[in-house]
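As structure tokens, the structure follows; a few thoughts come after it.
The values are calculated or read from the model by the stated rules, or taken from the named source; none is laboratory data. Values in this document were obtained by computation on a predicted structure and should not be read as measured data. Cβ placement follows ideal geometry from the backbone for every residue including glycine, while neighbour counts extend to all protein chains displayed.
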Amino acid sequence: MRKRNEFTTFLKQMMYQSQKQIPLFPLSSVVLPGGRMKLRIYEPRSLSMVKEAMKNNAGFICASLNSKGNTDENTHIHPIGTIVEIVDFDALNDGMLGITVQGARLVRIFNITTDKTNLRRGDIEFLEHNSTLQTPEAFPVLVEKLKEVFEQFPELEALYPKKYYDDASWVCLRWLEILPLEASVKQSLLTHQCHHVLTEYIASLFEKEQMSKETE
């Protein structure tokens, strides 16, 4: 694997330049800044995308699929995605390529096109996502429940050698990845620049769950 500082340099360069036609990888799941995900690569267009990323010490965009969109018009891809870095790869038993990616920054995607290999590409702009100045009251509950999830699913826990339980941004974004919410809901939550909104929303889901159990 290339050195991490090479990707960091690439990312900084991207932030100060107009970024056009970056490779897109549409997914039914979501990976966000600080998150990690294992991907199976087998389509020729996806293999080309990975080769391009490795050759240029670059990344690509993991984007959420829009079930109500049209593939011919490229509206099947939601506008908010995450630029990711390849942090590990290996050959799988079935002959496919396995890679592990880590989310770096949120981006807004526009002007999506399809190249000759049928790979989607798009222009991007970086989005700001600020942490709250004050830790929300509900935050400790989210931390404890996230620890429980990691204990229950060791394969998920193994993706994170380091965990940042004292970081409200990191904890909330992990929940947004895990929770079975509609992609459109996740997109809406990501438009808020303050994690206080996201924290309160996730906490309200747990409160509703608890109330439902108490009334059973």
Next on the checklist: Show the residue pairs meeting these rules: Cβ distance below 6 Å; 6+ apart or different chains; first residue within the stretch 91-104 and surrounded by fewer than 16 Cβ atoms within 10 Å (Cβ to Cβ); second residue small (Gly, Ala, Ser) and assigned to a strand (DSSP E or B).
Outcome noted: LEU92/GLY98
Checklist entry - Can you name the number of the only condition in (1) loosely packed, with under 14 Cβ neighbours inside 10 Å; (2) over 13 Å from PRO33 (Cβ atoms) that THR199 fails? => result (1)
Next on the checklist: For the stretch 162-185, give me each residue that is of a type in the set (Phe, Trp, Tyr) and part of a loop (DSSP other than H, G, I, E, B).
Outcome noted: TYR164, TYR165
Item to check | Test for LEU159: is it outside any strand (DSSP E or B) and of a type in the set (A, V, I, L, M, F, W, C) | outcome: yes
Checklist entry - Which one of the conditions (1) of a type in the set (Phe, Trp, Tyr); (2) farther than 30 Å from ASN74 by Cα; (3) outside any helix (DSSP H, G or I) does PHE110 fail to meet, given that it meets all the rest? => result (2)
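Residue-by-condition table, conditions (1) assigned by TED's automatic domain parsing to the domain that holds ILE178; (2) closer than 21 Å to PRO180 by Cβ; (3) among the charged types (D, E, K, R); (4) touching a helix residue (DSSP H, G or I) at 6+ places or on another chain (Cβ under 7 Å):
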| site | (1), (2), (3), (4) |
| --- | --- |
| PRO23 | no, no, no, yes |
| VAL31 | no, yes, no, yes |
| ARG36 | no, yes, yes, no |
| GLU52 | no, no, yes, no |
| ASN57 | no, no, no, yes |
| ILE61 | no, no, no, no |
| GLU73 | no, no, yes, no |
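Looking at the structure I just gave you, is ALA158 of a type in the set (A, V, I, L, M), under 30 Å from SER46 (Cα atoms) and crowded, with 16+ Cβ neighbours inside 10 Å?
Values: of a type in the set (A, V, I, L, M): yes; under 30 Å from SER46 (Cα atoms): yes; crowded, with 16+ Cβ neighbours inside 10 Å: no.
In short, no.
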Item to check | Qualifying residue in the stretch 51-64 (condition: aliphatic (A, V, I, L, M) and closer than 25 Å to GLU157 by Cα) | outcome: yes
Checklist outcome for this item: Residue hits (the stretch 160-180; within 14 Å of the chain's Cα centre (by Cα) and under 27 Å from SER67 (Cβ atoms)) are CYS172, LEU173, ARG174, TRP175, LEU176, GLU177, ILE178, LEU179
Next on the checklist: So in the stretch 59-77, with the set limited to residues that are surrounded by 20 or more Cβ atoms within 10 Å (Cβ to Cβ) and under 24 Å from LYS116 (Cβ atoms), which one is modelled with the lowest pLDDT?
Outcome noted: GLY59
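Condition first: among the small types (Gly, Ala, Ser) and touching a residue at least 24 places away in the same chain (Cβ under 8 Å). Can you find one or more residues in the stretch 152-159 that meet it?
Within the stretch 152-159, not a single residue is among the small types (Gly, Ala, Ser) and touching a residue at least 24 places away in the same chain (Cβ under 8 Å).
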Checklist outcome for this item: Going through the stretch 71-90 in order, the residues found to be among the acidic types (Asp, Glu) and either touching a Leu at 6+ places or on another chain (Cβ under 7 Å) or closer than 19 Å to MET37 by Cα (or both) are GLU85, ASP88, ASP90
